[in-house]
Amino acid sequence: MATLEIELFTCRSDNFGVLLHDPVSRRTASIDAPEEPAILAALERRGWTLTDIFTTHHHPDHVEANLALKARFGVRIVGPKNEADRIPGIDATVGDGDSFDFAGHPVEVIETPGHTAGHICYHLPQDKLLFSADTLFALGCGRLFERPAEVMWPSLLKLRALPSDTIVYFGHEYTLSNARFALTIDPDNAALKVRVEAIETLRAEGRPTAPTLLADEIATNPFLRADDPTLRAHLGMEDAEDWQVFAEIRARKDRF
Ligand SMILES: [Zn+2]
């Protein structure tokens, strides 16, 4: 099994695009399809031809280019079964626990309802890759548009339970704002302070903060740390349920 090659790029205002390429079969998947010109430019840079789209959720900034890319390349579009009627051009629906093959690489589907009701993440266990889209960001998580905190918290726990050396690609460059917010929630976290400095340097140089390592998220992302005693004490919520602590953190971020 060859190592997958990855092309990361920014597009729209703050979306990340990601292409995944198997050099043996020459299959190339786009994780979501935020914007056709940016995806075409990324394909051109690498000399790749698009064969697949793995859709995470129905928001327009993740599916806008589905039909155009399907018309151009005849790509096969995989997407979430729980919002399949809102995914343009979908060919195959997948749900929690499903797995499929991408050029010899197993791809596991993890349902993470919260940001949308049917949001899915794609996990490639042998390649140690996670595509978390708008469920888990670097130092953040997606807004709760379609499901409440008591549903989103277990979704995040599913991702937290993956091997900590998993490399995480996510949907938006919100990291600097997330970092400043995280310091207000978890101000005594030494690992967080170190990480925020590294993020400030990256952004000052105009470089992307993706991908991230799951271990770093577990250590520093407040949205994965609602059960951390120090963080709970800081919020005065020692006796609350974990999901309630998560809900409070999410509500504070919405006002930040
Ligand atoms: Zn979204």
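Details
- Given (1) more than 28 Å from ALA179 (Cβ to Cβ); (2) aliphatic (A, V, I, L, M); (3) free of Cβ contacts under 8 Å to residues at least 60 places away in the same chain, number of the condition ALA103 does not satisfy: (3)
- Residues located in segment 134-181, provided they are farther than 16 Å from ASP227 by Cβ and in a helix (DSSP H, G or I): VAL151, THR175, LEU176, SER177, ASN178, ALA179, ARG180, PHE181
- Scanning segment 160-211 for residues that are touching a strand residue (DSSP E or B) at 6+ places or on another chain (Cβ under 7 Å), among the hydrophobic types (A, V, I, L, M, F, W, C) and under 26 Å from SER13 (Cα atoms) gives ILE167, VAL168, PHE170, ALA210.
- Selection of segment 137-176 for residues being within 28 Å of THR3 (Cα to Cα), under 12 Å from the mean Cα position of the chain (by Cα) and of a type outside the set (Ser, Thr, Tyr) yields PHE137, ALA138, LEU139, LEU156, LEU159, ILE167, VAL168, PHE170, GLY171, HIS172, GLU173.
- Criterion (surrounded by fewer than 17 Cβ atoms within 10 Å (Cβ to Cβ) and in contact with a Pro (Cβ under 8 Å, 6 or more places away or on another chain)) met by exactly one of LEU231, LEU213, LEU202: LEU202
- Unmet criterion (only one of (1) polar (S, T, N, Q); (2) surrounded by fewer than 21 Cβ atoms within 10 Å (Cβ to Cβ); (3) farther than 18 Å from ALA33 by Cβ) for THR166: (2)
- Taken over segment 28-77, the residue count meeting the criterion of being among the charged types (D, E, K, R) and farther than 15 Å from ILE6 by Cβ is 8.
- Flag if PHE131 is aromatic (Phe, Trp, Tyr) and either over 22 Å from THR230 (Cβ atoms) or free of Cβ contacts under 8 Å to residues at least 40 places away in the same chain (or both): yes
- The requirement of being of a type in the set (Phe, Trp, Tyr) and touching a strand residue (DSSP E or B) at 6+ places or on another chain (Cβ under 7 Å) is satisfied by PHE137.
- Near pairs, Cβ below 9 angstrom, 6+ apart or cross-chain, from segment 53-68 (within 12 Å of the ligand (Cβ to nearest atom)) to any residue that is assigned to a helix (DSSP H, G or I) and among the polar types (S, T, N, Q): THR55/ASN66
- Hey, ALA251 over 19 Å from the mean Cα position of the chain (by Cα) and not in a loop (DSSP other than H, G, I, E, B) or not: yes
Bear in mind these aren't lab numbers, they're just calculated from the coordinates by the rules spelled out. Since we're looking at a predicted model, the values are computed, not measured. For neighbour counting, all protein chains shown are included, and Cβ atoms are generated from backbone atoms with ideal geometry for every residue, glycine included.
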